Amino acid sequence: MLSRSPRTRNPNKTMNTRPIVEGGFVYGEETHLTVLKTSLFFPGDGFTAYDSKGVRAFRVDSYGPDSGDAGELVLVDASGRCILTVRRKRPSLHQRWEGFAGERSGQKPLFSVRRSSMIGRSGSGMTVEVYSNPRAEYQIEGSFGCRKCTILNAEKEVVAEISRKVVSFTNVMLEKDVFVLSVKAGFDGAFAMGLVLVLDQIHGADGNGENGTNVCVEEPSNKDPYFSP
């Protein structure tokens, strides 16, 4: 049976979806976030995401040695408000992670992310289940280690993408610690950022970091509409 190839949405068309994390992060137009992964060797480091104007949109600072539970990460907005907690579910053969609204205390999870198959490591696809809507299942294809991922909805439409960052005026591709998260109009940006956190954790657990065995084919582009902080 032939599978359907992914369909790229019109960037000006808003999809009819409900917010998964919070309605304030459902963008009215396609949005490109520049994501910086900072050093893992100092407390308070993690991820910072900026919009196209250079304004900080999200921050994660739960990676440092003093951060407490290594299986739990907290996503905060520009004001420092906790909007999402992702936590690894143990035990789990599929490397399952769950996302909770806010600080998670006493709440049921909003969604879960797991490997689509136990066979294979970071090259395997990921399945995302949204508990409030069983029909809202997403698939993540590609390689996060190469910063080349596509997030697809149940209709095989592209709702978000992760790609390498290229500086337009020099045509230089930046290191993998700086990449682009493109969120389609109508999709929840906080949810998309939460998926980035989980992908980073699973990728690191597989031992395929910057010194791992991933072989990435780099495809520089002359087009770079994204902010360079």
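The values are calculated or read from the model by the stated rules, or taken from the named source; none is laboratory data. A quick note: this is a predicted structure, and the numbers were derived from the prediction, not measured. Here the Cβ positions follow ideal geometry from the backbone for every residue, glycine too, while neighbour counts run over all protein chains shown. Heavy atoms of the whole protein, side chains included, go into the accessibility calculation; ligands, DNA and RNA do not. Shrake-Rupley method; radii C 1.70, N 1.55, O 1.52, S 1.80 Å.
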Please specify each residue of the stretch 145-162 satisfying the condition of being in contact with a Ser or Thr (Cβ under 7 Å, 6 or more places away or on another chain) and farther than 23 Å from Arg135 by Cα. Gly145, Arg147, Lys148
Heads up, the strands (runs of 3 or more DSSP E) in the stretch 106-187 (entirely inside) with at least 2 residues that are free of Cβ contacts under 8 Å to residues at least 60 places away in the same chain are 111-115, 126-130, 138-143, 148-152, 157-164
Of the conditions (1) open to solvent by 40 Å² or more (accessible area, probe 1.4 Å); (2) under 14 Å from the mean Cα position of the chain (by Cα); (3) under 22 Å from Gly99 (Cα atoms), Asn133 clears all except one; give me its number. (2)
